[in-house]
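Q: Structure below; questions to follow.
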Amino acid sequence: MSDLQLFNTLTGKKETFLPRQGKTVHMYACGPTVYDMSHLGHARTFIVWDVVQRYLRYSGYDVVYVRNITDVDDKIINRAKEKDVQPDKVAREFIYHFWNDMHRLNIEAPDFEPRCTEYIALMIDFIEALIQKGHAYASEGDVYFKVESFKDYGKLGKKTVEDLLVGAREQTRSQEELKERKQSPVDFALWKGADKSEPGWQSPWGYGRPGWHLECSTMIKEVLGETIDIHAGGEDLVFPHHENEIAQSNCLHGAPLARYWLHNGFVKVNAEKMSKSLGNFSTIDGLLGTFSADTIRLFVLQTHYRHPIDFSIDSLKSAATAMGRLLRAARFAEDTDSHKNGNEIGNVQDDVTEALHKEFIEAMNNDFNTAQAVSALFSFADKIFNLKGDEKKQQEYARVLKSHAMVLGLTLEDNRQQLDSDTSAQLVELLLNLRDRARQNKDYQASDFIRDQLADRGISVMDSKEGATWEKA
Ligand SMILES: [Zn+2]
């Protein structure tokens, strides 16, 4: 079998994956800032890194996967002001929502999930060490990183300091104010002085908060160490977030922060159509009201993680139809709870299953080409259907299908039992509607049949002048 190749944003090419210490992989993905409900873009990011960590484990690596939570931030503070509550309450509320969304999407929990606010003292130490080494300076209650002190600055984002001087900006202060505080407009904040009415901590430079980029550098250092194997995130984080993480960590440690930098593409939505046609589908919670986790995962994984995805409800419906084929093929396996948690492979029996396995591994080893891995699953499902009559083989193959699908976090569990209460109620209404039509057509045999069938299921129907109503017995 081939070696695992992955595309490293830092070098701009595919490289053979070689972890620092044997089979151990230290992996970090930038997590959410918890101030709002997560949307499909978040779903994609965290599904993609979930599949990467699942596949690495499946390939025999001992993975330590860390995904942080940014629980203090201007966006959280602004949301708290809108809601007239304390910012930490906003953070806690949306951490719960985030966890719930991740769990429902069958995204495995990371091994560690550090929160920014738990690492403030260590962030202050980090900043002090950078000042001592001449890479940072304090200015009127803020601390800035001196970009020109790091010669490799811009290497990840493929930018030069000259480009940056043009685009330099800072969110929290006016340009004029910043001009006086910063030695160069491209310098970025490690510590931001804050008003006492806002969340903050005492520091050698006064009351304030850490800069966002510094949070990740500090948490990586404390939880995983100075140099990790894989650093992952959305492509919007390449610059400046990851560039700045590199600058801070390299300057403090004199060693690279990560060997491989992986970035996933955007989910694109036609902005005009978004409000109208997407409605409640813009959040993960809304999407899961209609589509299963398997369908959403398939929708995400049928595109290579570095490519953009064009999102529409129709494309999600197509994914649901396609998922139906995999589900029907998987149903040939008897109920196999032992296969639910994956990581084990069904017994590879013959040339056909071995061909699937090989195609699957080759696809995944080629920079996690889930699009191709998924298409291998579909071809294999077709082979299962074509085995008409050979039930034993269909069952064996269906188990092999399920075990491979689970590497992608696709459960292929029969989801017909999982109709929610809203849908069930709507189906009863639909039957009453059909009964009404039968009565209008004087087809009393049919209308009685519907009423009796519902009664057998504990649903009593009452007729009145205004039409039929129903109650659950
Ligand atoms: Zn980060």
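Q: Would you pick out the residues in the stretch 436-458 that are touching a Phe, Trp or Tyr at 6+ places or on another chain (Cβ under 9 Å) and over 30 Å from GLY324 (Cα atoms)?
A: Hit for the stretch 436-458 is ALA438, nothing else.
Q: Another question, if that's okay. Here is a list of conditions, (1) assigned by TED's automatic domain parsing to the domain that holds THR303; (2) surrounded by fewer than 21 Cβ atoms within 10 Å (Cβ to Cβ); (3) assigned to a helix (DSSP H, G or I), and LEU430 meets all of them except one; can you say which number that is?
A: For LEU430, the exception is condition (1).
Q: Would you mind telling me which numbered condition in (1) buried (at least 21 other Cβ atoms within 10 Å of the Cβ); (2) modelled with pLDDT under 95; (3) within 16 Å of the ligand (Cβ to nearest atom) ASP73 fails?
A: With (1) buried (at least 21 other Cβ atoms within 10 Å of the Cβ); (2) modelled with pLDDT under 95; (3) within 16 Å of the ligand (Cβ to nearest atom) applied to ASP73, the lone miss is (1).
Q: List every residue pair whose Cβ atoms lie under 8 Å apart, where the two residues are 6 or more positions apart in sequence or sit on different chains, the first residue falls within the stretch 283-303 and is farther than 14 Å from GLU413 by Cα and surrounded by fewer than 22 Cβ atoms within 10 Å (Cβ to Cβ), and the second residue, located anywhere, is of a type in the set (Asp, Glu) and modelled with pLDDT of 95 or more.
A: ASP285/ASP101; LEU288/ASP101
Q: Let me ask something additional. Regarding GLY134, is this residue in contact with a helix residue (DSSP H, G or I) (Cβ under 9 Å, 6 or more places away or on another chain), surrounded by fewer than 21 Cβ atoms within 10 Å (Cβ to Cβ) and at pLDDT 95 or above?
A: Taking the combined requirement at face value, the residue satisfies it.
Q: Is one or more of the residues making up the stretch 374-382 farther than 30 Å from LYS14 by Cβ, in a helix (DSSP H, G or I) and without any contact (Cβ under 8 Å) to a residue 60 or more places away in the chain?
A: Yes, the stretch 374-382 has at least one match.
Q: Against the definition (acidic (Asp, Glu), more than 13 Å from TYR35 (Cβ to Cβ) and out of contact with any helix residue (DSSP H, G or I) (no Cβ under 7 Å at 6 or more places or on another chain)), how does GLU82 come out, yes or no?
A: No.
Q: When the stretch 200-237 is examined, which residues are found to be crowded, with 18+ Cβ neighbours inside 10 Å, away from the ligand (no atom under 15 Å from the Cβ) and not polar (S, T, N, Q)?
A: Across the stretch 200-237, the qualifying residues are GLY200, TRP205, GLY208, ARG209, ASP229.
Q: Looking at the stretch 90-105, which of its residues are crowded, with 19+ Cβ neighbours inside 10 Å, over 29 Å from TRP191 (Cβ atoms) and not aliphatic (A, V, I, L, M)?
A: At the first step, the residues of the stretch 90-105 found to be crowded, with 19+ Cβ neighbours inside 10 Å are 90-91, 94, 98, 101-102, 105.
The next check asks that each one be over 29 Å from TRP191 (Cβ atoms); those that pass are 101-102, 105.
Result: ASP101, single match.
Q: Answer yes or no as to whether TYR96 is of a type in the set (Ser, Thr, Tyr) and in contact with a Gly (Cβ under 9 Å, 6 or more places away or on another chain). Full working, then the answer.
A: On the way: of a type in the set (Ser, Thr, Tyr): yes; in contact with a Gly (Cβ under 9 Å, 6 or more places away or on another chain): no.
In short, no.
The values are calculated or read from the model by the stated rules, or taken from the named source; none is laboratory data. Keep in mind the model is a prediction, meaning the values are calculated, not measured. Because the Cβ atoms are built from the backbone with ideal geometry, glycine has one as well, and the counts that use them run over all protein chains shown.
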